[in-house]
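Below you'll find the structure, written out as structure tokens, and then a few comments.
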Amino acid sequence: MWHRLYQWTMAWSGSPQALPALFWISFIEASVFPIPPYLLLIPMVLANPQRGWQFAFWGSIGSVLGGVAGYVIGWQFWDIIGRPLMEQSGRMEMYESLRQQFDRYDAWIILMTALSPIPYKIFTITAGVMQASLPLFIFASLVARSLRFFGMAMLVMWGGRPALAWLERHGRWLAWVGLLVLIAIISWVFLK
């Protein structure tokens, strides 16, 4: 199955529709879609390394705009679906605690989650539920998602297939270590 998916994405990567497909997959992945856009970005950059920065740019923009859509979903559907479910399950106290954390550290939370291996859509919707500052949300998302897309494109452009093999073996572990380092730095800055 993975081989067929790889062949399909490699075929797409050279087509004229590749860039719009990457933009839209990045958009919907940030709000509802479960498949990461890197499955299309990587073969696109492998097939056309000279266009790697362009692919990373449009993937980042699509992801941030999709994040805004996720934010709107969380903001609009909290009162209709979220609040009744939290009240019914007796978890409003947990919600209030999380809301206080979001009020204090919303940009940092968004930045950390947008860089982490945790699906970004979870936090775009949560940011809407928590009514995080929308300009801050957009800024933190733009920084973090650009780091992910441009970092991935750079790795593929400069390292090619050997870099991808290394990333496949160590990528998840590396993302978690990076997230822990970021949490430690933020904790040190705010708790000193």
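Any read-out appearing in this document is the output of simple, stated calculations on the displayed coordinates, not a laboratory observation. None of these values were measured; they are calculated from a predicted model. Methodologically, a virtual Cβ is constructed for each residue, glycine included, from the backbone with ideal geometry; neighbour enumeration extends over all protein chains shown.
Computed packing ranks the peptides 30-39, 16-25 as 30-39, 16-25, most packed first, by mean other Cβ atoms within 10 Å. Peptides 101-108, 81-88 ranked from most to least packed by the mean count of surrounding Cβ atoms within 10 Å: 101-108, 81-88. Other residues within the sphere of radius under 14 Å centred on the Cβ of Phe23, judged by their own Cβ, net out at +1 (K and R +1, D and E -1). Across all directions, the average projected area of the convex hull around the alpha carbons of segment 1-154 is 9.7 nm².
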